[in-house]
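Worksheet for the structure shown next.
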Amino acid sequence: MNMEKLKKNNKGITLLVLVITIIILLILAGITISSITGDNGIIRNAGQAKEQTEIANEKEIVEKATVQAMGNNKYGNIEESELQEQLNKETKEGKTKVSDVGKEFEVIFNESNRYYTVDKDGNVEGAYEIIEDKYPGDITVGKNGEELDGNEKSPYEIWCIEDLVKWSQNSSIYVNSYIRLGRTLDFKSNLSYTNGKMLGCNSIEELKELLTNTSGNGFTPILNYNGNFNGLKNEIKNIYINKSGYAALFANANNATIKNLKISGEIISKDGTASGFIAHCYGDNKIENLENSCNVLGYKDSAGIIGIIHENSNIYIQNCINNGNLNSDNGNAGGIIGNSYAASGGTIINFYIYNSCNNGNINARTNAGGIVGSINSDNQGISKGNLYNIYNIGNVSAKSTGQFEGNGAIYGQLRKDVQLTIKNAFMLKDSNEKVGVPNSCLVNNEKISGFDYVNASILEKSYMQSSEFIEVLNRYTINNQDNINTIGWSKWVYNENNFPTLDSKIIWNGTEWEEEI
């Protein structure tokens, strides 16, 4: 009996061990399979390593060909034909294709479906994936055919020039929508188009010619936008607008959020206001991380970011840059805002500009300012401006002067019931070795009722370009955070033999510098 019982127990133990062994093997197998095929598996990592090697090789080929092309030109320039010839020597003929797209060249590798850009100075950028939108002109369908709802969780998407044109032609349909830009688009690049079947055109070349020919009107601005647009840190390159009335990417914005976009090209209004991004602004708007490199010409007000702010508006602007040259034939011009005008009794304009700057040259018939051209009130309206962590190093000039006209490095005009606060700012005073700094940068002078160089500390250029001055700016940032809203102040960074700049990714959170991911 005992022997029989022992045999049964041994069988039970053996079976249990077998089951446990099988379970362990299955677990190990699962781990092994996952390590091979998972998101961070061996196969995936090997594929990524192979792709990175291919990209490094392609980029090296482009860089070598670029150096040779520049070296063969007696002026050191890059010619499309010469660059193509050098690429053919580095690869087999037909492996690459070069296209001149204005200020840069595109180099396409046909087999890998990737391309690189080469600017006129020989700088190589990339790699970029060549993307073909299967549904050009329909922003309600994603790149892979998925249906989009135009809300925060499922925003409409722009993937090609045809999508952008369709949006501008049907602005009223998408007026309150969430929309995002899926990739960088270049009006002069065939790679940014899909089929060109838009505006009566039947080919990419035909549509490109219509939108970029400087004898025409170019792109039609987007009207009456009230939604949320996210450029996802992409660019719109070589845009061309030449029209009567409002001229900008967005003709007007009302209670909108517009963020994370760069733009370059040329924008002209024959008889109205022109701007890189928004011509006329109404209501509550949030403007973030915009960079204008368009040259802008307005008959009336002209600006890099917003042409004119209208009454009963609250505008929050942060991390915005103007690099474009701005001109106004018959009005005001400013790097960030051209004009703020509370025209009626009881109306109020509040605007806040944080962590922003102007690098472009600004010219106006009446008032010109590196940040704001004119801050104006009339008939008991009130304009309130708040400029924190800003600078201007562009040349600023106005063609005429009068009682309420003039020019200044930060702003051009203050008129009647205006309240202006400037904190932590610097600007060029003139072309010599002096630089003007509002004294709120150095002492606790919260409000400036009027601005001239008497109310500024005049500092030597060498000091302004020193690490010591960076410490002054950042110390003020840390000690004088603003409690009006939640926008953080960016960190000033040192550039050897140059003026300080702002790093929009590093914010003082009240306790320490924090880098945004």
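Tabulated values for the structure
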read-out	value
Of residues in the stretch 159-177 being farther than 16 Å from E209 by Cα and touching a Gly at 6+ places or on another chain (Cβ under 6 Å), the one surrounded by the fewest Cβ atoms within 10 Å (Cβ to Cβ)	N176
Search result, residues across the stretch 294-323 that are without any contact (Cβ under 8 Å) to a residue 60 or more places away in the chain and part of a loop (DSSP other than H, G, I, E, B)	Y299, K300, G304, I305, H310, N312, C320, N323
Selection status of G142, more than 20 Å from G276 (Cβ to Cβ), outside the structural domain of S264 (by TED's automatic domain parsing) and not aliphatic (A, V, I, L, M)	yes
Members of the stretch 375-393 found to be touching a residue at least 60 places away in the same chain (Cβ under 8 Å) and of a type outside the set (V, I, T), listed by number	G381, N386, Y388, N389, Y391
Scan of the stretch 104-125 for residues that are surrounded by 15 or more Cβ atoms within 10 Å (Cβ to Cβ) and either among the basic types (K, R) or in the same structural domain as S168 (by TED's automatic domain parsing) (or both), ordered by number	R114
Any hit, the stretch 87-98, residues being more than 23 Å from the chain's Cα centre (by Cα), assigned to a helix (DSSP H, G or I) and surrounded by 22 or more Cβ atoms within 10 Å (Cβ to Cβ)	yes
Filtered residues of the stretch 148-176 (kept if touching a Ser or Thr at 6+ places or on another chain (Cβ under 9 Å) and part of a loop (DSSP other than H, G, I, E, B))	L148, D149, G150, N151, P155, W159, C160
Members of the stretch 298-314 found to be at pLDDT 95 or above and over 10 Å from T273 (Cβ atoms), listed by number	G304, I305
For L261: the one exception among (1) within 18 Å of the chain's Cα centre (by Cα); (2) without any contact (Cβ under 8 Å) to a residue 60 or more places away in the chain	(2)
The stretch 96-150, residues that are of a type in the set (D, E, K, R) and over 17 Å from L191 (Cβ atoms)	K120, D121, D138, E146, E147, D149
Sole residue being modelled with pLDDT under 95 and among the β-branched types (V, I, T), chosen from T273, T214, T257, T220	T214
Candidates G145, G122, filtered to the one that is free of Cβ contacts under 8 Å to residues at least 24 places away in the same chain, assigned to a loop (DSSP other than H, G, I, E, B) and over 16 Å from N234 (Cα atoms)	G145
So I268, is it touching a residue at least 24 places away in the same chain (Cβ under 8 Å), assigned by TED's automatic domain parsing to the domain that holds N322 and within 19 Å of S340 (Cβ to Cβ)	no
Filtered residues of the stretch 332-351 (kept if in a loop (DSSP other than H, G, I, E, B) and modelled with pLDDT of 90 or more)	N332, G335, I336
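The values are calculated or read from the model by the stated rules, or taken from the named source; none is laboratory data. Predicted model only: the values in this text are computed from it and were never measured. Every residue, glycine as well, gets a Cβ built from its backbone with ideal geometry; the counts of neighbours run over all protein chains shown.
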